[in-house]
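Student: Take this structure first; my questions come after.
Derivation of every value follows stated rules applied to the coordinates shown; laboratory data play no part. Everything numeric here is computed off the predicted structure, so don't read it as measured data. Here the Cβ is made from the backbone with ideal geometry for all residues, glycine too, and neighbour counts use every protein chain on show.
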Amino acid sequence: MPAESSVKSEGSGERSPPRRPRRTQAERVAESDGKLLSAALRLIGERGYRGTSLAAIGEAAGYSRGLVHERFGSKAGLLWALVERILRIWNRDGRELGLAGLTGLDALAGMVDNHRRAVEEGRGIRAFYALMFEAFGPTPELVTEFRELHRVFRADIERAIREGVDAGTIRADVDAPAQAALLLGALRGLAFQALLDPDGIAIAAAYEAQKQNLRRVLSP
């Protein structure tokens, strides 16, 4: 009896599963960076900044501490990359919700709604605030980045206000920089209260009241 061939005949109907294409170096780097940042987001949210080490982040992501240094240079570098990732997620969600096409009061209301969703859904908000407060303590090198970040936030609000003025949906005598600072301060304060005492504040009602206040103050 002839020995059974180790190779299936072409007509046997059995085929080997297709080989997965080899990932590129860029894809592997993107994957490991994503895992490191996800681990940092989770650990900082759970333990705070000082309770989270580079070694713990690397271990939680399945990599070495050396890889964290190689990719981000320092703990501060990794933390700022984390902040930028959180912002990309918020901006992406805003675009998907159609906020990019809004102007004036509608744009401001959209910003308030998007901020509320970030707080309610926990989209990195705890880690973001932990890092922001740490900038005034053990990580002063982050102060410059957070200062610039808030300037950008205020500029976005000012732009929405001025577009509303041009469209006639916002009063022409509004002080756009002052209103931008007030709105950003209100959003920061609401998020902080929700994180500090989630059962002590009716967060959805507070955000709705903020939108009503904007319409009362800014409408022509």
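Student: For a footprinting-style exposure proxy, rank E31, E145 by other Cβ within 10 Å, fewest first.
Tutor: With the fewest neighbours first, E31, E145 line up as E31, E145.
Student: Label E46 and A60 with points 7 Å out from Cα along Cα→Cβ: what is the distance between them in nm?
Tutor: According to this spin-label approximation, the distance is 0.6 nm.
Student: Here's another thing I want to ask about it. Within the stretch 132-155, find all residues whose amide N lies under 20 Å from a label point positioned 7 Å from the Cα of I201 along Cα-to-beta-carbon.
Tutor: Output list for this probe position: 132-136, 150, 153-154.
Student: Using a simple spin-label model with points 7 Å from Cα along the Cα→Cβ vector, what separation in nm is obtained for S38 and H69?
Tutor: Placing both labels 7 Å along Cα→Cβ, they lie 2.6 nm apart.
Student: What does the extension gain come out to for D113 and S53, with contour length at 0.36 nm per residue minus their alpha carbon separation?
Tutor: Length difference between fully extended and current span is 18.2 nm.
Student: Which order do the peptides 211-217, 71-77 come out in when sorted by mean C-beta neighbours inside 10 angstrom, highest first?
Tutor: 71-77, 211-217
Student: Quick check for me: using +1 on Lys/Arg Cβ and -1 on Asp/Glu Cβ, what's the dipole size of the stretch 79-220 about its Cα centre, in debye to the nearest 20?
Tutor: I would put it at about 120 debye.
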